[in-house]
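Quick notes on the structure that follows.
The values are calculated or read from the model by the stated rules, or taken from the named source; none is laboratory data. Everything numeric here is computed off the predicted structure, so don't read it as measured data. Counting neighbours? That spans all protein chains shown, and the Cβs are built from the backbone with ideal geometry, glycine included.
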Amino acid sequence: MAASTAIKAAKEGKKTLIISTDPAHSLSDALDLELSPEPTEIAPNLYAQEFDVYYSMQKYWNNMRNLMNTIFRWRGVKGVVAEELSVLPGMEEASAFLWLEKYYREGTYDLIVIDSAPTGETLTLLSLPQVAKSWMTKAFNGKNLAVKTVTKGVKLFTGVPLDKGLEEMDELFNKLEQIQKVFLDPEAASIRIVTNPERMVIKEARRAYTYLQLYGYNVDGVVINRILPEKSVGEAFKYYVESQAKYIKEIEESFNPLPILKVQHQGQEVFGMEQLNKIGESLYEGKNAADVLYLDKPFEIIENKKGYFFKTKLPFVVEEDLDLKKFGDELVIDLGNRRKSLMLPRFASFLKLEEFRYQAPWLVVSLVK
């Protein structure tokens, strides 16, 4: 769907980049083209890039790894252990963000379409800037004196300018924060969930929608893929078509008011520009592929007599799976095995958490004076 969207946008006159963050390298297979870790023009207005973990780590993180490795060795950590510790948490995923920050800052493309990995990997990618910044804050709090002393000592005895490496690390993490702010702007970025009319896949799509709303990302549509025609499928697929109709109705009802886009089963394996272009034309009939199809408002703050209601949208949630705590102006929401910290306005530091309740699809938090 990502490739079809990019092809359609390019034909509409948008200079478009399609980039894959899926380590399975499905984009080159879908396009039936050999791609490189740098953008390659594959059609007028259309560029493609296959994310390569090792290439990106070398491009963006090599100095950082040298910094960490040298510091650990300086502090007595030996050989392979130092090498392993020098790999920062989420280094591979962060590299994808750094590519996107570069393209956005330079204004290289009108539109960037990301072919993302399955739900779990995508959520890890989207939450990475917060995790990485937290890790750096704990590891190098205020560029603490101990680290400064080590970097200056190493520079004095080895000539390796590790103090510059530390500054570069700080700059890279700031870039991660900047691109996440772009992702969180509903008018600049949106996510489209692709699902099949099947029970297990729909559950996964709902879970993805819930977590994306939890993290504050705008979902502007749902694509139902591989829909079999109701006629001419034969007796063998009769039950499947009947259950498919039920599941399509379920998707339309449960994801309302999101736009629902539908793609018919092509009756063959889909790859190559011609077939992907055909899907893009049918998928966005009467629409521009580059448009944000739906603007949602996942957060609301409402004043009342006692203080404020804070509302955040969390569809498809079981109330028993929710837990919430408040620390100053920070709300920490636990949902199953996921945790999200939400920063409230500064005045919320002086408010107390009275209660929280779930009124589908909203989590309502009462903060009192």
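Only one residue in Lys175, Lys203, Lys249 is in the same structural domain as Leu98 (by TED's automatic domain parsing) and either under 21 Å from the mean Cα position of the chain (by Cα) or modelled with pLDDT of 85 or more (or both). Which one? The conditions single out Lys175. Please go through the stretch 1-39 and give me each residue that is surrounded by fewer than 17 Cβ atoms within 10 Å (Cβ to Cβ), more than 21 Å from the chain's Cα centre (by Cα) and not in a loop (DSSP other than H, G, I, E, B), ordered by number. Asp29 - this is the single residue of the stretch 1-39 that is surrounded by fewer than 17 Cβ atoms within 10 Å (Cβ to Cβ), more than 21 Å from the chain's Cα centre (by Cα) and not in a loop (DSSP other than H, G, I, E, B). Summed over the stretch 71-125, the residues that are in a helix (DSSP H, G or I), of a type in the set (A, V, I, L, M, F, W, C) and at pLDDT 75 or above give a count of 5.
Against the numbered list (1) crowded, with 17+ Cβ neighbours inside 10 Å; (2) at pLDDT 95 or above, Phe310 comes up short only at (2).
Every condition in (1) at pLDDT below 90; (2) over 26 Å from Pro186 (Cβ atoms) holds for Gly272 except the one numbered (1). There is at least one residue in the stretch 277-300 that is more than 30 Å from Lys231 (Cβ to Cβ) and assigned to a strand (DSSP E or B). None of Val332, Val317 is in a loop (DSSP other than H, G, I, E, B), within 22 Å of the chain's Cα centre (by Cα) and surrounded by 13 or more Cβ atoms within 10 Å (Cβ to Cβ) except Val317. Selection over the stretch 212-230 of residues that are farther than 29 Å from Thr312 by Cα and assigned to a loop (DSSP other than H, G, I, E, B) gives a count of 3.
From the list Gln268, Gln275, Gln359, the lone residue that is free of Cβ contacts under 8 Å to residues at least 24 places away in the same chain, surrounded by 15 or more Cβ atoms within 10 Å (Cβ to Cβ) and not basic (Lys, Arg) is Gln275. For the structure I just gave you, tell me whether Asn304 is surrounded by fewer than 12 Cβ atoms within 10 Å (Cβ to Cβ), without any contact (Cβ under 8 Å) to a residue 12 or more places away in the chain and farther than 27 Å from Pro257 by Cβ. No: the conditions fail for Asn304.
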